[in-house]
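Trainee: Have a look at this one before I ask anything.
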Amino acid sequence: VETRQQTLVLTDTALYVMQYLGPPFTFGVNKISQNTSIASPTAIVAVDDMVFWMGDRTFYMFAGSVQEIPCTVLDFVFDTMDESEAYKVTCGSNIEYGEIWWFYPCSTSSECDRYVVYNYKQQIWYTGSLSRSAWVDRADRVVPVAATPRDNYLYYHETGLNDGSTDPFSPINAYIESSPLDLGEGDSFAFLSRIIPDITFDGSNRSDPSVTMTVSASDYPGAAYGQSDSDAVQRSTTLPVEQYTKELYLRLRGRQMKLRVESDKTEMSWRLGSPRADLRTDGRR
């Protein structure tokens, strides 16, 4: 992998730096890290002088030295990956948004059909489903281009408002969902009565843009992850958010809550800001 200052050479167990020295040896090679790993030859990408890659149940970054990247979705990614197909993992950058994407095959697929993204500017992680087997950032192109093993097409990314893999175009089923959120340390229950959604629809080509917002509350952590437990009580409410919706009123009580915003209409564009919520402590029972 070439960076602006040097070339990195990775093996299954080590990382070397190769630099130009001039005659008579031309290049010098130094081992700078051992006991590292890499999932596949295409699981790595360079962004300026930083290099990111997926290893064996971990993620690495090189910026003068090797360091593991703390990952909040680590168990989810590797528990759902078909590690016998890990050599197909592919990586790409989306520099405009400060993102590194890894596409990997889940346990029920032999091709890359899921992704995990590290946003190195905000140092956050997110996951989703998308079938891609190769990715090239915009560079001299207008937008990123990616290939898919599903239909053998190349796709433009970060452009348009619809799913161009169908004819005619179909809606992009878009959503964002938070992890479960506690009130304080999670010792007390919370009562939610109002939300200011802070959602804008700039760029939409519809006269009636809208999304749905779902708030789920659970009494115990197991319910937040869909575990079946007689004590894992979970409740939810779904409300529409339109262009001029200022606030939403609801009644929801729980120890943990999570938020999901989604849409399934053509010509839709929306952006989630920082929702505000009226929460109050509602006892410890």
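The values are calculated or read from the model by the stated rules, or taken from the named source; none is laboratory data. On a predicted model such as this, the values are computed, not experimentally measured, just so you know. Please note: Cβ atoms are built from the backbone with ideal geometry, for glycine as well, and neighbour counts cover all protein chains shown. We work out accessible area using only protein heavy atoms, side chains counted, and drop any ligands, DNA or RNA first. Shrake-Rupley method; radii C 1.70, N 1.55, O 1.52, S 1.80 Å.
Trainee: Just for region 13-27: of the residues that are of a type outside the set (Ser, Thr, Tyr) and at pLDDT below 90, which one is most open to solvent (accessible area, probe 1.4 Å)?
Mentor: So the residue we want is Phe25.
Trainee: Same structure again: Could you figure out which of (1) among the hydrophobic types (A, V, I, L, M, F, W, C); (2) modelled with pLDDT under 95; (3) closer than 21 Å to Gln123 by Cβ isn't true of Val51?
Mentor: So Val51 meets the others, but not (2).
Trainee: May I ask you to say which residue of Asn162, Asn94, Asn152 is in contact (Cβ under 8 Å) with a residue 40 or more places away in the chain and more than 18 Å from Phe52 (Cβ to Cβ)?
Mentor: Exactly one residue qualifies, and that residue is Asn162.
Trainee: So, one more: May I ask you to verify whether Tyr115 is in contact with a Phe, Trp or Tyr (Cβ under 8 Å, 6 or more places away or on another chain), buried (at least 17 other Cβ atoms within 10 Å of the Cβ) and under 27 Å from Pro275 (Cβ atoms)?
Mentor: When the stated conditions are applied, Tyr115 passes them.
For (1) assigned to a loop (DSSP other than H, G, I, E, B); (2) of a type outside the set (Ser, Thr, Tyr); (3) in contact with a His (Cβ under 9 Å, 6 or more places away or on another chain), each residue gets a yes or a no:
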residue: Tyr118; (1), (2), (3): no, no, no
residue: Ala139; (1), (2), (3): yes, yes, no
residue: Ser179; (1), (2), (3): yes, no, no
residue: Gly186; (1), (2), (3): yes, yes, no
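Trainee: Whether any residue in region 70-83 is open to solvent by less than 30 Å² (accessible area, probe 1.4 Å) and of a type in the set (S, T, N, Q) is what I want to check.
Mentor: No, that holds for no residue.
Trainee: In region 264-275, which residues are over 18 Å from the mean Cα position of the chain (by Cα) and within 27 Å of Thr159 (Cβ to Cβ)?
Mentor: Residues satisfying the conditions are Asp264, Lys265, Thr266, Glu267, Met268, Ser269, Ser274.
Trainee: So which residues in region 165-194 are farther than 27 Å from Gly273 by Cβ and either acidic (Asp, Glu) or without any contact (Cβ under 8 Å) to a residue 12 or more places away in the chain (or both)?
Mentor: Scanning region 165-194 gives Thr166, Asp167, Pro168, Asp187.
Trainee: Report, by residue number, each residue of region 202-213 that is closer than 19 Å to Glu247 by Cβ and either open to solvent by less than 20 Å² (accessible area, probe 1.4 Å) or among the small types (Gly, Ala, Ser) (or both). Quick ask: steps written out before the conclusion?
Mentor: Filtering region 202-213 for residues closer than 19 Å to Glu247 by Cβ gives 209-213.
Selection gives Pro209, Ser210, Val211, Met213.
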